[in-house]
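Scroll down for the structure; my scribbles are underneath it.
The values are calculated or read from the model by the stated rules, or taken from the named source; none is laboratory data. Bear in mind that the values here come from a model prediction, so they are computed numbers and not experimental data. Backbone-built Cβ (ideal geometry, glycine too); neighbour counts: all protein chains shown. The protein model used for the area step is the full one, side chains on, heavy atoms only, and it has no ligands, DNA or RNA in it. Shrake-Rupley method; radii C 1.70, N 1.55, O 1.52, S 1.80 Å.
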Amino acid sequence: MGRTHSNAYNRIKNFFPELEYLPILKTVCSRSEKKVKAFAEQWGYESIETDWKKVIARDDIDAIDICTPNDMHAEIAIAAAAAGKMVLCEKPLARSLDEAQKMVDAFDESGIKNMVWYNYRRLPAVTLAKNIIDTGKLGRIFHYRANFLQDWTINADIQQGGTDWRMDAAVAGSGVTGDLLAHCIDTAMWLNGAINDVSAVTETFVKERVHQLTGKMQQVGIDDACIFHCRFDNGSLGLFESTRYARGHKAMYTFEINGANGSIRWDLHDLNRLEFFDHADDSKVRGWRTIHVTDGDQPYMNKWWVPGLSIGYEHSFIHQIADFLKSIETGESFSPSFKDALETQKVCEAVIDSANTRSWKDTHVDWTEN
Ligand SMILES: NC(=O)c1ccc[n+]([C@@H]2O[C@H](COP(=O)([O-])OP(=O)(O)OC[C@H]3O[C@@H](n4cnc5c(N)ncnc54)[C@H](O)[C@@H]3O)[C@@H](O)[C@H]2O)c1
């Protein structure tokens, strides 16, 4: 994600030149001096560091962007908050609700800006879905359905830990729930409101894998697949599925929302397109319309090419940083903040706990006391 964010910081001045604040790439940090030097040169950073604590201690740094594995998010964010720096943190906010709560508390009343990279909200078609829903056009919502499917961990020789940190529960916190469903949950709650309770089933298909750092075969602690259903606060029902064992799927993120007066459907593989069914249409021509969200009056698209030309995944990051910088200018609040991401973390925690205890779980209880 270091490349994705760096790309966004570099592009912002070209496509959002009107912003009062623009990023200056002061320094980039990673553990290997050789690698981080090459990275700095490639992406235009002024200097390098190999110890993140030194970045936080520097007077010329206003904001810290955390793109490390999940086990370091809390430590870095809390130290940055104590030093009065803004933080832009990758998702999931943390490995657990307990860690996430501490991160929120670290910023608490300080007023220091923070945000979490739940970037899918800022793909134009997804933002358009939000705009349509907010007009009330779908009517009462009955169903929300989302999938995030991949197929990269079917091979039992894939290890856990080290560069395969996503496979190691101690580093990642959870498997597909925190890695993939967290995105789906963030989008869902943004579009359809709070999730009140959940019932989940998880599976770890490959029970033991070699740990990259110890060389030993160890039990796998992450969820390889997770399916949960839930009730939203608005009375609608949700159904979510994520797996890394859906052969043929690399990053198949889809959602569909069904309301009394209309439905909406979106697919990451065709990310510029939003499908919309409006029951108010003349019945003779009524049907799913497919909206290519690339026109200048559609979200964000007046920043890009002539109408009809597509943009990609990387643009969601550019849009997110642009909105974040704008919020500094206007003093308005920015979402998703750490507080918003804490709500997603509560749902993730309830999902894992529900699967472990084979029971429904309320998302509003204080999981940190368990
Ligand atoms: N928003 C999204 O769409 C999205 C997509 C992928 C990953 N992510 C999130 O981004 C984060 C990073 O994921 P990734 O796929 O880029 O992982 P990665 O393993 O490719 O990169 C992690 C980087 O962190 C560096 N790192 C590790 N320990 C460090 C330390 N002590 N000091 C400095 N640098 C250190 C590693 O050298 C590596 O360059 C994770 O939290 C992940 O969940 C978000």
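Before moving on, here are some points about what is shown:
- Between amide H atoms placed 1.01 Å from N, distances below 5 Å from C89 occur with I66, M115, V116, W117, all of them 5 or more places distant or on a separate chain.
- Shape category assigned to region 49-169 from the gyration tensor of Cα positions, a/c cut at 1.5: oblate
- Shape descriptor for region 146-268: Rg over Rh equals 1.04 (Cα atoms; Rh from the Kirkwood inverse mean 1/r).
- For the chain: accessible area per residue (Å², 1.4 Å): 46 Å²
- Taking the convex hull of Cα positions in region 231-274, its mean projected area over all directions (nm²): 4.2 nm²
- Computed with a 1.4 Å probe over protein heavy atoms only, the accessible area of W305 comes to about 120 Å².
- Solvent accessible area, Å² - H364, 1.4 Å probe, full protein context: 110 Å²
- FRET efficiency estimate (nearest 0.05) - Cβ-Cβ, T135 to A156, R0 41 angstrom: 0.25
- Share of alpha-carbon pairs per 10 Å distance bin for region 17-73, given as whole %: 21, 52, 23, 4
- Histogram of C-alpha separations across region 190-246, 10 Å bin width, %: 21, 34, 25, 15, 6
- Label-to-label distance, nm, for residues given as W288 and K34 (7 Å Cα→Cβ offset): 5.1 nm
- Taking all protein chains as shown and a probe of 1.4 angstrom, K207 keeps an accessible surface of around 110 Å².
- Nitroxide proxy distance, nm - points 7 Å out along Cα→Cβ at T163 and W360: 4.6 nm
- Which of I141, I328 is most accessible, then next, and so on - probe 1.4 Å: I328, I141
- Protection-proxy order for peptides 76-89, 17-30, each taking the mean of Cβ atoms within 10 Å per residue, highest first: 76-89, 17-30
- Note on the chain: with neighbouring protein chains present and a 1.4 Å probe, carbon and sulfur make up 49 percent of its accessible heavy-atom surface.
- As a rough guide to protection, the peptides 45-56, 210-221, 124-135 ranked by mean Cβ packing within 10 Å, highest first, stand as 124-135, 45-56, 210-221.
- Taking a ≥ b ≥ c as the square roots of the Cα gyration tensor eigenvalues, region 237-364 comes out oblate, since a/c reaches at least 1.5 and a/b does not exceed b/c.
- Whole-number D in µm²/s for region 1-111 (Stokes-Einstein; Kirkwood sum over Cα pairs; 10 °C, 1.306 mPa s): 107 µm²/s
- For the chain, the equivalent ellipsoid derived from the Cα gyration tensor has semi-axes of 32, 28, 20 Å, listed largest first.
- Given +1 at the Cβ of Lys and Arg, -1 at the Cβ of Asp and Glu and no other charges, the dipole of region 128-274 around its Cα centre is 300 debye to the nearest 20.
- CD proxy at 222 nm, helix term only [per DSSP H run n ≥ 4: -39500 (n - 2.57); per residue of the chain; nearest 500]: -9500 deg cm²/dmol
- In this simple spin-label model, placing a label point 7 Å from the Cα along the Cα-to-Cβ direction at both S335 and L213 gives a separation of 3.7 nm.
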